[in-house]
Amino acid sequence: MSTVDEKQDPPTVDQISQGSEKWLNAYYDPVASLYTLTQCVALSDIQADGDWKLVIADLGTGSYDMKLKVYKGTNVMSENAIIDLPTGVVTFYMDVNEPRTPAVAVASGPYIYIYKNLHPYFKFTLPTLDVNPVELDLWNQVKEEKINIFVLREMLEGMRAEGAVLTVRSLRFLQLQDVPDCEAFSNMYKHTPLRRQTVITCLATMKKSLADEDAISCLVIGTESKSIYVLDPEAFTVLTTIDLPSVPVFLSVTGLYDVEYRIVVACRNGCIYTLKRGSSDYLKYCIELNSQPVGLERINKTIYVGTMDETMHCFTSK
């Protein structure tokens, strides 16, 4: 006679912490009310006093109340409002001034917000993308009143069905259902220049010319337009642009920009690419996963990837 085991409920966090002596809470605040993601958390000696602080981009409700918070222990020592939903936070050294305090970079929408000494310092905007010439011509005809909103909608829907990449303005226009709303929208925006911007999906840093811990670092940005940008930390100009076959979601960067570097990037198509300085053949160093990546780290010469099928994969750089 066989018996069936009763299904046990998984242990709670408190039960795990009480039954294990391996982990100690250095700091613990159960009512911090933080809503954030792994890529929006960083540890840094932001005051150059040897006491590392916890830097967090709090997503708030997901629509408003987004804030950049700095914790000393469990106490909030600084808060700055963030306009749009943050997608990444890193700290980096952007100059050689004393004391050696790093800056904080927050990725949000198409912008990088730079904070120096915990105060807003600079805002970098991603380069605009080329607009589809047919879409541009349609909005110009609307501005000159050569076509009405019904023709505009029909043409834009046809372009979208054919796979054309449209601007946010056109996509928003296609979401409207009522004729008065469509007319009001076109009248409001038809005289505004048509622009196509991308948004940032991931953010990392890369030492520029020295490997010292407090050496000047470049920012490495992944975007929804399937590109990676490397930014100069002093002039905030684009040093390198790399196009990918899919949208990058996780980055792991090693090396020096001026000497030799590797950028391991996991993309939304379930592939991992290794980008090298001076080489554009990213398909040569491609790993195809069985499921979508949820995390990526490169330690020494080993690449660790967690995937949605609850699996951890390890790959050598060879």
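Quick check on Ile16: is it among the hydrophobic types (A, V, I, L, M, F, W, C), surrounded by 10 or more Cβ atoms within 10 Å (Cβ to Cβ) and at pLDDT below 85?
So Ile16 passes the test.
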Looking at the stretch 199-307, what strands (runs of 3 or more DSSP E) fall wholly within it and have at least 1 residues that are among the β-branched types (Val, Ile, Thr) and surrounded by 20 or more Cβ atoms within 10 Å (Cβ to Cβ)? 200-207, 217-223, 227-231, 248-256, 260-267, 271-276, 302-307
So, in the stretch 35-51, of the ones that are of a type in the set (A, V, I, L, M, F, W, C) and touching a Leu at 6+ places or on another chain (Cβ under 9 Å), which residue ends up most open to solvent (accessible area, probe 1.4 Å)? Leu43
Looking for whichever is within 30 Å of Leu251 (Cβ to Cβ) and either free of Cβ contacts under 8 Å to residues at least 24 places away in the same chain or buried (at least 16 other Cβ atoms within 10 Å of the Cβ) (or both) here; the options are Val106, Val151, Val96. Which one fits? Val106
Where residues in the stretch 308-318 are outside any loop (DSSP other than H, G, I, E, B) and among the hydroxyl-bearing types (Ser, Thr, Tyr), which of them is least open to solvent (accessible area, probe 1.4 Å)? Thr311
Those residues of the stretch 154-172 which are charged (D, E, K, R), under 32 Å from the mean Cα position of the chain (by Cα) and surrounded by fewer than 16 Cβ atoms within 10 Å (Cβ to Cβ) amount to Glu157, Arg160, Glu162, Arg172
Flagged pairs (Cβ under 7 angstrom, 6 or more apart or on separate chains; first in the stretch 173-186, open to solvent by 60 Å² or more (accessible area, probe 1.4 Å); second in a helix (DSSP H, G or I)) are Glu183/Ile149
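The values are calculated or read from the model by the stated rules, or taken from the named source; none is laboratory data. Every value quoted in this text rests on a predicted model; they were computed, and no experiment measured them. Every residue, glycine among them, receives a Cβ derived from its backbone with ideal geometry; neighbour counts consider all protein chains shown. Surface accessibility is based on the protein's heavy atoms, side chains included, excluding ligands, DNA and RNA. Shrake-Rupley method; radii C 1.70, N 1.55, O 1.52, S 1.80 Å.
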